[in-house]
1. Calculate the tail of P(r) for the stretch 30-119: the fraction of all Cα-Cα distances greater than 19 Å, expressed in %.
2. Find the all-direction average of the projected area of the Cα convex hull for the chain, expressing the result in square nanometres with one decimal place.
3. Springs between alpha-carbon atoms under 10 Å, Gaussian network over the chain: tell me which of 89, 142, 123 tops the mean-square fluctuations.
4. Report the residue, chosen from 168, 146, 64, that carries the largest GNM mean-square fluctuation when the chain is represented by alpha-carbon nodes joined by springs under 10 Å.
5. Normalised by the residues of the stretch 74-143, what does the relative contact order come to in percent, with Cα pairs under 8 Å and at least six apart?
6. Considering just Cα atoms, how many Å³ per residue does the convex hull of the stretch 94-197 enclose?
7. Give me the distance in nm between label points sitting 7 Å out from Cα along the Cα-to-Cβ direction at residue 47 and residue 121, one decimal.
8. Could you give the dipole magnitude of the stretch 116-197 about its Cα centre, charging the beta-carbon of Lys and Arg +1 and that of Asp and Glu -1, in debye to the nearest 20?
Amino acid sequence: NENDEDAVKLRKAMNGLGTKEDVIIEIITRNSNSERQILRKRYNELYKKDLINDLDSELSGDFKEVILSLMMPPVEFDAYSLNKAMKGLGTNEAALISIICSKSAAEMNDIKKCYKNAYKVDLEAAIKSETSGDFKALLVDLVNGKKESSMKVDLKKAEDNAKTLHEKPSAAIANEIFKGSLVQIIATADVYSQTYG
């Protein structure tokens, strides 16, 4: 069975001196995400270990992040990335924003369930303990789906918001602007970068 062969090859690639990255790349990139999930399950059955945990401990840097993103279902990778952004010294605020702001309320609900299952704590509680002030309030609102879901862009509003952010930058103003729909937030960011660089 091909999954058994791949599981054995992956195990060998991670055991011994040095990780054989070419073997890992070859196996992971020739399978679809659903096939990789079957491989992950088979690896667990054969070795009583989670393939994700083994890859996480054996790989490093950007290579590890790419391999983990390919091995995990998207919702699981988002939960993993949010946890990573809040671990250790300092919080990676840009990572939190890029993940949380890009998700619909339904996607955010799936991520919250996955996060709770993986890390045994509510995502909202983790955010509250790792952030503060207006930024914390904004993230908690976004995680709880408190943003407009309209797909229409008001270009005039985007221009006004970008101008306000440029002339009077403050957390309160940013907080109000970023409660809008994702498409409106993107429009504001585009106008801001084109106009104010």
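What follows draws every value from the coordinates through simple rules; no lab data is involved. Small disclaimer: the values here were computed from a predicted structure and weren't measured. Backbone-built Cβ (ideal geometry, glycine too); neighbour counts: all protein chains shown.
1. Values: 1804 of 4005 pairs.
The proportion of pairs with Cα distances above 19 Å equals 45 percent.
2. On the way: hull surface 53.8 nm².
Here the figure is 13.4 nm², rounded to one decimal.
3. 89
4. Fluctuation is largest for 168.
5. Working: 53 pairs, mean separation 24.3, N = 70.
Once normalised by length, the contact order is 35 percent.
6. Values: hull volume 9.3 nm³, N = 104.
Cα-based convex hull of the stretch 94-197, divided per residue, equals 89 Å³.
7. Using points 7 Å along Cα→Cβ, the separation is 2.8 nm.
8. Numbers: 12 positive and 12 negative charges, 39 e Å.
That gives the stretch 116-197 a dipole magnitude of about 180 debye.
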